[in-house]
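The values are calculated or read from the model by the stated rules, or taken from the named source; none is laboratory data. All values derive from a computational prediction rather than experimental measurement. Reconstructed Cβ throughout: ideal geometry from the backbone, glycine too, with neighbour counts over all protein chains shown.
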Amino acid sequence: MARVLYWNIQQFGINKINQIGRKRDHNGNRLQTPESGYRRDVIRTTLTQNTPDIFVVVETSTGSGAPGTLISAGGSTGSRYLLGLIRNWLGANWMLVPPVRLGLNGVTEGISVYYNSANLEFTGPWGWQGGGNASDSVANIGAMNLANYAHPWNTTLPLGNVNANSNINANCAFRQLAGQWQFRGPGVGMAPGPVLGFPNNFNRTPYLTTFWDNANNRTIKLMSFHASPKKNQAANGTNQLSNIQEMTANLAANEVGVIVGDFNVDVFNTHFEPIAYNNLTGAAGYTRAINPTANQWPDKGYVCTMLKSHRNARPWDTNGYSGYKYVIQDSFSSVDNILTRYGVNAGGPAANITIANRVTGTPYNLDPNPPVGVPAGHYAYTTGMAQIPVGMANAGSPVALPLPPNGPNGVGGYAPGNIGALSRFKGWANFRRIRSTSDHMALIIDI
């Protein structure tokens, strides 16, 4: 199986992980802010505690430009800077698919897809035609007209060609391939289908990247999506994914379809959730990894994926383990998800879905009497907050948030109103470094 880590890293760009402040060293050079170092460390430890084969970063900033063209500005610098860090942390085989712009005007974003080229080969599915042009299908460009990426993107993909056994772009050069950013619905007769909006033509589109998994003799079709934050647009845009032919009607026997994203539809919303997901999990044949628990606390905390701001987060035991009062409670509590569908020769099913909660750590297995049927998760992540030192009771647990069986009621947390506990919890050594990295938690799954 291959392991995928997906994360909406809020407003990701160079300042997220390498922000230059006003302070200077003795030579007059401006110094990096400590805050960006904290965020970088949260990302590092999330990546290294359970190393993925693919790492998807949603909400990469882009600079201005047309859809399908390469991102610029802080997102460009930041995505490549992170690639350098990942190569230091995980090895030189790690690569980055050059991100392109998705959507129009003020909603434009990019998606950065990193992968371990020792395990997977990037196969497109589209090609690169050079210059300031957008990526396009290899058929439209012509295989002989494919171009290499120019500096600074020329070394983010490896040298070499796609495996001859791949069913997508066999023998094409890696450095001439690109992700797909435009999609058509079902055709009518011999005519191609209409270009799909998600749901409108200005909204961000999904981003499809494909990989040849030689060890399992299959293609991974990875579709990443960041839906509009407007609920109606989010629900209808997510539903539109079920009309993408590459992920539905045209999914071959040796292909696995994987859809990851921030769908901006709460799985507890009884109106918008069916609009968003019913067609995907019905006729399209996808299995959703994160599903609603009973719509009550503490059950909901086991599937929440979003964090309150550091100003509003509280370590109170009000809602119980594991959500306490630091997760978003309504409207956007559980909006990140992963869906999978397997061809008959593509393996499966997906396994070990885990919400990488860097506040409490995972799996959620500390409550001796958990609510019935709640998912604990599989992979172990330590808290990213300050930890109780080795040799002391509860070593490794967060200093600023008691976990079960501690706390006033034996489920962790503090009694509401403990001012000292609140200020400690919200500090940069604790919750604020997690929340400053992102308002979303990462998801990890084996496919």
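Across the range 172-192, what is the number of residues that are part of a loop (DSSP other than H, G, I, E, B) and in contact with a helix residue (DSSP H, G or I) (Cβ under 9 Å, 6 or more places away or on another chain)?
5
Is it true that residue 373 is small (Gly, Ala, Ser) and surrounded by fewer than 16 Cβ atoms within 10 Å (Cβ to Cβ)?
Yes; evaluated as a whole, the condition is true for this residue.
If you check every pair at least six apart or on different chains, which have Cβ atoms under 6 Å apart with a residue in the range 176-203 that is at negative phi first and a residue that is part of a loop (DSSP other than H, G, I, E, B) and among the aromatic types (Phe, Trp, Tyr) second?
So the pair list comes out as 176/128; 178/128; 196/183.
Considering only the range 263-289, state which residues are outside any helix (DSSP H, G or I), touching a strand residue (DSSP E or B) at 6+ places or on another chain (Cβ under 8 Å) and under 26 Å from residue 218 (Cα atoms).
Hits for the range 263-289 are 284, 285, 286, 287, 288, 289.
For residue 428, only one of the following conditions fails: (1) under 26 Å from the mean Cα position of the chain (by Cα); (2) buried (at least 16 other Cβ atoms within 10 Å of the Cβ); (3) part of a loop (DSSP other than H, G, I, E, B). What is its number?
(2)
Return the residue satisfying two criteria in turn: it lies in the range 326-345 and is of a type outside the set (S, T, N, Q) and assigned to a loop (DSSP other than H, G, I, E, B), and of such residues it is nearest to residue 291 (Cα to Cα).
Taking the candidates together, the pick is 335.
Which members of the range 249-261 meet the condition of being surrounded by fewer than 24 Cβ atoms within 10 Å (Cβ to Cβ) and more than 21 Å from residue 216 (Cα to Cα)?
Listed by number, the list holds a single entry, 249.
From the residues in the range 341-355 that are surrounded by fewer than 21 Cβ atoms within 10 Å (Cβ to Cβ) and of a type in the set (S, T, N, Q), which one is farthest from the chain's Cα centre (by Cα)?
345
Among the residues of the range 2-30, write down those that are part of a loop (DSSP other than H, G, I, E, B) and at pLDDT 95 or above.
Of everything in the range 2-30, those that are part of a loop (DSSP other than H, G, I, E, B) and at pLDDT 95 or above turn out to be 2, 13, 18.
Condition test on residue 327, is it in contact with a Phe, Trp or Tyr (Cβ under 9 Å, 6 or more places away or on another chain) and crowded, with 22+ Cβ neighbours inside 10 Å?
When the stated conditions are applied, residue 327 does not pass them.
Could you please let me know if residue 338 is at pLDDT 95 or above, under 24 Å from the mean Cα position of the chain (by Cα) and under 17 Å from residue 260 (Cα atoms)?
yes
Being at positive phi and either in contact (Cβ under 8 Å) with a residue 12 or more places away in the chain or in a loop (DSSP other than H, G, I, E, B) (or both) narrows it down to one residue among 301, 323, 384, 348; which is it?
Among 301, 323, 384, 348, only 348 is at positive phi and either in contact (Cβ under 8 Å) with a residue 12 or more places away in the chain or in a loop (DSSP other than H, G, I, E, B) (or both).
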